[in-house]
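Let me begin by presenting the structure, written as structure tokens, before commenting on it.
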Amino acid sequence: TDRGLVRYRPARFVGTRVEDDARRVELDVDGHAVHLRTALLVGADGTASGVRDALGIGTDVRDYGHALFVARLRTAQAPDGTGHE
């Protein structure tokens with residue numbers, strides 16, 4: 001742990017429910033069920049958020065007609081400081 005934080009990864013969100021004054025969260029971590037209790041649950045698990053769906057939080061989806069390509073490249077020679085777009 002680092003400052004009281006525990007990382008569960010890879011992990012899959014299974015579900016959540018209210019339990020007393022906290023929320024109970026179930027994760028699948030390498031085929032093992034892990035149960036957590038928390039007062040704060042943040043749904044930052046991507047576009048098709050299982051957390052958001054489980055909590056009934058809707059979204060508005062808009063297609064802006066843009067595309068993005070991301071790549072990590074390594075060149076044979078060091079760059080000369082010139083950028084091209």
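The values are calculated or read from the model by the stated rules, or taken from the named source; none is laboratory data. Only a predicted model underlies this, so the values are computations on that prediction, with no experimental measurement involved. Please note: Cβ atoms are built from the backbone with ideal geometry, for glycine as well, and neighbour counts cover all protein chains shown. Accessible surface is based on the protein model in full, side chains and every heavy atom, while ligands, DNA and RNA are left aside. Shrake-Rupley method; radii C 1.70, N 1.55, O 1.52, S 1.80 Å.
Run the numbers on segment 1-65 and let me know its relative contact order in percent, using alpha-carbon pairs under 8 Å that are six or more apart. Please report the intermediate quantities before stating the final value.
Values: 72 pairs, mean separation 14.4, N = 65.
It rounds to 22 percent for segment 1-65.
For A22 and Y8, compute 0.36 nm times the residue count separating them, minus their Cα-Cα distance, and round to one decimal in nm. Write down the numbers at each step before the final one.
Working: separation 14, 0.36 × 14 = 5.04 nm, distance 1.97 nm.
Additional length available on full extension: 3.1 nm.
Would you mind counting up the charge near V29? Only other residues with Cβ under 14 Å from its Cβ, with Lys and Arg at +1 and Asp and Glu at -1.
0
If you take Cα Rg over 2.2 N^0.38 Å from the coordinates, which of (i) 0.99; (ii) 1.68; (iii) 0.93 do you get?
(ii)
Taking only protein heavy atoms into account and a 1.4 Å probe, give the accessible area per residue of the chain in Å². Spell out each step's value before the answer.
On the way: 8150 Å² over 85 residues.
Normalised by residue count, the accessible surface of the chain is 96 Å².
Pull out the extension gain between A44 and I57, defined as 0.36 nm times the separation in residues minus the alpha carbon to alpha carbon distance; nm, one decimal.
3.4 nm
Can you run phi through the Karplus equation (6.51, -1.76, 1.60; θ = phi - 60°) for segment 20-33 and list ³J(HN,Hα) in whole Hz, with x for Gly and Pro?
Whole-Hz 3J(HN,Hα) from phi for segment 20-33: 6, 9, 9, 10, 9, 10, 10, 10, 9, 10, 6, x, 10, 6.
Probe radius 1.4 Å, ligands and nucleic acids ignored: give me the carbon and sulfur share of the accessible area of the chain as a rounded percent.
Working: 4020 of 8150 Å².
Ligands and nucleic acids excluded, carbon and sulfur give 49 percent.
Okay, helix-only estimate at 222 nm for the chain: each DSSP H run of n ≥ 4 adds -39500 (n - 2.57), divide by all residues, round to 500 deg cm²/dmol; what do you get? Mind dumping the intermediate values first?
On the way: 1 runs with 6 residues, N = 85.
Per the formula, -1500 deg cm²/dmol.
Can you tell which of A71, A44, A11 shows the greatest fluctuation in a Gaussian network model of the chain with Cα springs below 10 Å?
In this elastic network of the chain, the residue with the biggest mean-square fluctuation among A71, A44, A11 is A71.
Within segment 1-59, report the trypsin sites (Lys or Arg not before Pro) that DSSP leaves as loop and that have at most 11 other Cβ atoms within 10 Å. Don't skip to the answer; put the middle values down first.
Values: sites: R3, R7, R12, R17, R23, R24, R37, R52; in loops: R3, R7.
Sites meeting the loop and neighbour criteria: R3, R7.
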